[in-house]
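The values are calculated or read from the model by the stated rules, or taken from the named source; none is laboratory data. Quick caveat, the model's predicted, so the values are computed rather than measured. Every residue, glycine among them, receives a Cβ derived from its backbone with ideal geometry; neighbour counts consider all protein chains shown.
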Amino acid sequence: GAAPSSREVDEIERLRAALSASQAEVSRLRANLRSQELLVERNGEELRTYREMLEKSQDQNRGSANQDRRQQELIADFKRRYDRERQRLSAALEKSQTVARSVEKVIPTLQGMERELSNSKLSPSKGGFGF
């Protein structure tokens with residue numbers, strides 16, 4: 001093919017940099033996603049532990065209506081906080097997945113352009129740039 005113009009070479013370099021940045025972002029998002037999944041898991045374990053402790057406590061304190069009411073308030077408060085955190089993490093997870101999917105869609109195109117560039121590298125004797 002014809003020698004790529006300086007503008008085309010600049011554009012290809014820009015696309016390579018964008019590809020590299022996109023791949024780094026995908027890696028960062030995957031790590032972020034994993035840490036969010038671990039946090040959700042840990043929150044679930046904490047909630048289970050809390051409920052077990054509460055059940056034991058309720059068994060020991062059946063006679064006290066005030067204490068039962070306070071424990072119910074604690075459960076309700078804990079559940080509200082847990083649900084809020086779960087919603088926040090779910091939203092962050094969804095956003096991370098959306099961005100990762102968007103980035104992954106353009107990677108094959110950028111890789112194809114990079115292959116085309118590699119296949120069309122010119123030697124100095126042909127009057128090209130020579131990489």
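Of all residues in the stretch 72-89, those that are touching a residue at least 12 places away in the same chain (Cβ under 8 Å) and either hydrophobic (A, V, I, L, M, F, W, C) or surrounded by fewer than 13 Cβ atoms within 10 Å (Cβ to Cβ) (or both) total 4.
Among the candidates 69, 51, the residue that is basic (Lys, Arg) and touching a helix residue (DSSP H, G or I) at 6+ places or on another chain (Cβ under 9 Å) is uniquely 51. Just one of (1) of a type in the set (A, V, I, L, M); (2) within 19 Å of residue 99 (Cβ to Cβ); (3) in contact (Cβ under 8 Å) with a residue 40 or more places away in the chain fails for residue 17. It is (3).
Looking at the structure I just gave you, is residue 111 under 26 Å from the mean Cα position of the chain (by Cα), modelled with pLDDT of 90 or more and surrounded by 10 or more Cβ atoms within 10 Å (Cβ to Cβ)? So residue 111 does not fit the description; no.
Residue 123 - would you say it is farther than 30 Å from residue 2 by Cα and either modelled with pLDDT under 85 or surrounded by 10 or more Cβ atoms within 10 Å (Cβ to Cβ) (or both)? No; evaluated as a whole, the condition is false for this residue. Of 81, 48, 30, 42, all but one fail to be out of contact with any His (no Cβ under 9 Å at 6 or more places or on another chain), charged (D, E, K, R) and closer than 30 Å to residue 112 by Cα; the exception is 30.
If you filter the stretch 20-37 down to residues that are touching a residue at least 60 places away in the same chain (Cβ under 8 Å) and not acidic (Asp, Glu), you find that the one that is nearest to residue 71 (Cα to Cα) is 36.
Kindly evaluate residue 77 against the criterion of being in a helix (DSSP H, G or I), at pLDDT 90 or above, within 28 Å of residue 31 (Cα to Cα) and not basic (Lys, Arg).
In short, no.
The residue list 62, 84 contains one member that is modelled with pLDDT of 90 or more, charged (D, E, K, R) and out of contact with any Leu (no Cβ under 8 Å at 6 or more places or on another chain), which is 84. A residue that is closer than 30 Å to residue 105 by Cα and in contact (Cβ under 8 Å) with a residue 24 or more places away in the chain can be found somewhere in the stretch 38-50.
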